[in-house]
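Peer 1: Before I ask anything, here is the structure I am working with.
The values are calculated or read from the model by the stated rules, or taken from the named source; none is laboratory data. Just so you know, these numbers come straight off a predicted model, no measurement behind them. Quick reminder, even Gly has a Cβ in these numbers, built from the backbone with ideal geometry, and neighbours come from all protein chains shown. In case anyone asks, the SASA skips ligands and DNA or RNA and just uses the protein heavy atoms, side chains included. Shrake-Rupley method; radii C 1.70, N 1.55, O 1.52, S 1.80 Å.
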Amino acid sequence: MRTTFALSQDHPVRVAFGDIAALPAAAAGAEAVGTGWDIRQRICAYQDFEEREGDQNGGGWYQRPTLGGLMGGLSNREYSVLSSEKQALAARLTPGTIGPKPEQAFQHHASVLTTIVDELNGLTGRDRIAALRRRYTEARPEWQEVKRITGAPIGPDRWIKPFLDGLELFAASEGWS
């Protein structure tokens with residue numbers, strides 16, 4: 001966040017392959033965050049960017065449903081359970097519609113990221129930090145019910161805590177707490 005903030009004072013900053021983990025960088029001033037449609041690109045190793053022989057589609061679509069209201073995602077099975085058990089909750093936490101095909105799931109994922117980054121880009125300085133903090137703090141308690149219903153093994157300790165902690169540290173260092 002510190003580097004993004006400093007660089008964004010003079011030039012546009014884009015965080016490639018940062019995905020949901022890069023949202024604090026967007027709050028610090030990055031104008032865009034990227035996500036690789038091939039799940040291998042979520043690991044920063046040279047071999048994960050090489051072309052695979054016999055792969056006509058160029059990779060494997062990211063297929064996990066992304067729930068903007070959770071600031072994270074669920075497995076397909078977990079999302080299916082949530083949708084069937086608590087349809088209203090699933091709809092509230094999941095803006096838009098997640099299509100059944102892998103490309104549609106990825107497009108939904110990208111639209112969730114775009115919505116959040118666009119919101120942050122409409123703000124400046126400490127207001128960007130406050131907006132992302134609000135999203136994290138509103139999402140955190142939602143996980144308790146979602147984990148109870150779905151049996152999801154990961155929740156806010158993985159999807160929110162490290163990013164919110166970093167956001168708070170940055171805000172404190174800027175005197176914005």
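Peer 1: If you check Thr115 against the conditions, is it open to solvent by 60 Å² or more (accessible area, probe 1.4 Å) and more than 23 Å from Gln63 (Cα to Cα)?
Peer 2: no
Peer 1: Right, here's the next one. Within region 7-22, count every residue that is assigned to a helix (DSSP H, G or I) and either closer than 26 Å to Gly69 by Cα or open to solvent by less than 60 Å² (accessible area, probe 1.4 Å) (or both).
Peer 2: If we filter region 7-22 for residues that are assigned to a helix (DSSP H, G or I), which is where we start, we get 7-8, 19-22.
Then keep just the ones that are either closer than 26 Å to Gly69 by Cα or open to solvent by less than 60 Å² (accessible area, probe 1.4 Å) (or both); that gives 8, 19-22.
Counting residues in region 7-22 that are assigned to a helix (DSSP H, G or I) and either closer than 26 Å to Gly69 by Cα or open to solvent by less than 60 Å² (accessible area, probe 1.4 Å) (or both) gives 5.
Peer 1: For region 141-177, name all the residues that are under 14 Å from the mean Cα position of the chain (by Cα) and closer than 28 Å to Glu85 by Cβ.
Peer 2: Gly155, Pro156, Arg158, Trp159, Ile160, Lys161, Phe163, Leu164
Peer 1: Still on this structure, please answer the following. Would region 86-108 turn up any residue that is crowded, with 21+ Cβ neighbours inside 10 Å, farther than 30 Å from Met1 by Cα and modelled with pLDDT under 95?
Peer 2: yes
Peer 1: If I go through region 104-133 residue by residue, how many of them are closer than 20 Å to Ala28 by Cβ, in contact (Cβ under 8 Å) with a residue 12 or more places away in the chain and under 16 Å from the mean Cα position of the chain (by Cα)?
Peer 2: Residues flagged as closer than 20 Å to Ala28 by Cβ, in contact (Cβ under 8 Å) with a residue 12 or more places away in the chain and under 16 Å from the mean Cα position of the chain (by Cα) within region 104-133 amount to 13.
Peer 1: Right, here's the next one. Is it true that Asp55 is surrounded by fewer than 17 Cβ atoms within 10 Å (Cβ to Cβ), modelled with pLDDT under 65 and part of a helix (DSSP H, G or I)?
Peer 2: For Asp55, the condition - surrounded by fewer than 17 Cβ atoms within 10 Å (Cβ to Cβ), modelled with pLDDT under 65 and part of a helix (DSSP H, G or I) - is not met.
Peer 1: Let me ask another. Among the residues of region 30-39, is any modelled with pLDDT under 95, in a helix (DSSP H, G or I) and surrounded by 15 or more Cβ atoms within 10 Å (Cβ to Cβ)?
Peer 2: Within region 30-39, one or more residues are modelled with pLDDT under 95, in a helix (DSSP H, G or I) and surrounded by 15 or more Cβ atoms within 10 Å (Cβ to Cβ).
Peer 1: What tally of residues in region 134-155 results from selecting those that are part of a helix (DSSP H, G or I), free of Cβ contacts under 8 Å to residues at least 60 places away in the same chain and surrounded by 13 or more Cβ atoms within 10 Å (Cβ to Cβ)? It would help to see each step written out before you state the result.
Peer 2: So in region 134-155, the residues part of a helix (DSSP H, G or I) come out as 134-139, 142-150.
Of the ones still in play, those that are also free of Cβ contacts under 8 Å to residues at least 60 places away in the same chain are 134, 137, 144-145, 147-148.
Restricting the remaining residues to those that are surrounded by 13 or more Cβ atoms within 10 Å (Cβ to Cβ) gives 145, 147.
The number of residues fulfilling the criteria is 2.
Peer 1: Then there is this: Would you point out which residue out of Leu82, Leu123 is outside any helix (DSSP H, G or I), at pLDDT 95 or above and open to solvent by less than 60 Å² (accessible area, probe 1.4 Å)?
Peer 2: Only one candidate qualifies: Leu123.
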